[in-house]
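Nothing in this text is a laboratory measurement; each read-out follows from the coordinates by a stated rule. Just so it is clear, the model here is predicted, and its values are computed rather than measured. Glycine also receives a Cβ, built like all others from the backbone with ideal geometry; neighbour counts cover every protein chain displayed.
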Amino acid sequence: MAEFSFKGGAGLRRKGFMAEVTKFGEAHELHRIFETIHTADFAGARGADADFVAFHCRNCNRSYCERCWRIGPPQFDDGFYDCTSATCPEGHEQIVDD
């Protein structure tokens, strides 16, 4: 499962799922996202930043670690990175990085 840390206005960090990611922004916005994740309101967190909670399958409403997802190769459009899709253990496919 991903780990999260919130350091005031410095950023919201996710590690443990598809590398380490830091989201920067206004402290109140980052705190709101952190709280939605902390309370397992993944639909609310997805509304703020879908990539940040990509470890949570929208279809089966479960969170999985990086080893559980079958993460596909990156997809490119005209030579530029487009997105990466993955399939959860239950067989649901979704974009995990866009």
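For the residue pair SER5 and ASP82, what label-to-label distance in nm results when each label sits 7 Å from Cα along the Cα-to-beta-carbon direction?
Each label point lies 7 Å from its Cα, and together they span 3.6 nm.
With +1 assigned to the C-beta of every Lys and Arg and -1 to the C-beta of every Asp and Glu, and no other charges, what is the dipole magnitude of the chain about the Cα centre in debye, to the nearest 20?
The calculation lands at about 440 debye.
Under the rule of at least 5 residues apart or a separate chain, name every residue whose amide H is placed under 5 Å from the amide H of ASP97.
For ASP97, whose amide H was placed from the backbone, the distant partners under 5 Å are THR84.
What's log10 of I(q)/I(0) for segment 3-97 at q = 0.11, 0.12, 0.18, 0.26 Å⁻¹, Debye sum over Cα points only, no solvent?
Treating every Cα as an identical point scatterer, log10 I(q)/I(0) equals -0.33, -0.39, -0.83, -1.36.
How much mean residue ellipticity at 222 nm does the chain get from its helices, if each DSSP H run of length 4 or more adds -39500 (n - 2.57) and you divide by all residues, to the nearest 500 deg cm²/dmol?
-5500 deg cm²/dmol
Cα axis of helix 27-38 to longest principal axis of the chain: angle in degrees, 0 to 90, nearest 10?
Roughly 60 degrees, rounded to the nearest 10.
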